[in-house]
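Asker: Below is one structure. I have some questions about it.
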């Protein structure tokens, strides 16, 4: 698929003929009066901010009248969202953008996306979701396809008031080395899982060692992943690979894993995020709430009708 920018005419078609109030997630509607809304009307940024709506109907009227380039809502809740006053908590959010992945198996240049890297972003989301549910007991978690990646939005009441969120970010991405890597449960298991997820996609250009070590790591990749997932401490027990190389290799993957999620989005409780149901005009895709991540295919489930008509 060609990720082409939507024209003004196509945006109007989308909001007049395809967009529906029922596609706005319930977790947005339930507290719509407490959220700030922001609009980009021409592709030059969110210069129409601090909007608030009393009902989904008034929001709908605004969209149909203005058919904006992009729409965002706050992850925070306020008594007075127009002035962002009286903060009442914020969703815990994770933003995984396929165009920003440091390591991917495709040949996309920086800022580009394709079917392969979108699938790899989905795999990252799937793993983080499992960690949030399995290790943190998260119950209210919404999965969103953002147009070029994925958002995880947590609405459990226990997390809404948390202000320091960087520790959770490190945990779910496996970006900080545990004291004991090979404990069977908890964070060490998450760390090993995320190590394997990243290493599986790495190519020669992604590994900053001499050619001999790089060739050894790549030729033994499957064996290394199998060993670390099974908890074997000798997963890098190869000739020429000593403690320093082991430490440097783990550090390198930790740094990569630290970029899997846009950390600024997670830690900033004043952040705005693209609103599910609206159009990502830069790439002509819908931002949609995902009901079943296993069956979700963005190239089928997030394509506006006007894109299909382009091909006709």
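Matching residues to (1) at pLDDT below 95; (2) surrounded by 17 or more Cβ atoms within 10 Å (Cβ to Cβ):
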residue: 12; (1), (2): no, no
residue: 68; (1), (2): no, yes
residue: 99; (1), (2): yes, yes
residue: 103; (1), (2): yes, yes
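Asker: Mind listing whichever residues of segment 136-158 are more than 20 Å from residue 73 (Cα to Cα) and not in a loop (DSSP other than H, G, I, E, B)?
Answerer: 136, 158
Asker: Consider residue 282 against the criteria (1) surrounded by 17 or more Cβ atoms within 10 Å (Cβ to Cβ); (2) in a loop (DSSP other than H, G, I, E, B): it satisfies all of them except one. Which criterion is unmet?
Answerer: (1)
Asker: Continuing with the same structure: Could you check segment 286-312 and list, in sequence order, the residues that are closer than 13 Å to residue 148 by Cβ and either assigned to a loop (DSSP other than H, G, I, E, B) or at pLDDT below 95 (or both)?
Answerer: Result: 287, 298, 299, 302.
Asker: Is one or more of the residues making up segment 249-260 closer than 18 Å to residue 181 by Cα, over 24 Å from the mean Cα position of the chain (by Cα) and surrounded by 13 or more Cβ atoms within 10 Å (Cβ to Cβ)?
Answerer: Scanning segment 249-260 turns up at least one residue that is closer than 18 Å to residue 181 by Cα, over 24 Å from the mean Cα position of the chain (by Cα) and surrounded by 13 or more Cβ atoms within 10 Å (Cβ to Cβ).
Asker: Can you confirm whether segment 245-256 contains a residue that is touching a helix residue (DSSP H, G or I) at 6+ places or on another chain (Cβ under 9 Å) and closer than 30 Å to residue 72 by Cβ? Talk me through it step by step, then tell me what you get.
Answerer: Keep residues of segment 245-256 that are touching a helix residue (DSSP H, G or I) at 6+ places or on another chain (Cβ under 9 Å), which gives 245, 249-250, 252-254, 256.
Restricting the remaining residues to those that are closer than 30 Å to residue 72 by Cβ gives 256.
Yes, that holds for at least one residue.
The values are calculated or read from the model by the stated rules, or taken from the named source; none is laboratory data. All figures in this text were calculated on a predicted structure; none of them were measured in a lab. When we count neighbours, we look across all protein chains shown, and the Cβ atoms used for this are built from the backbone with ideal geometry, even at glycine.
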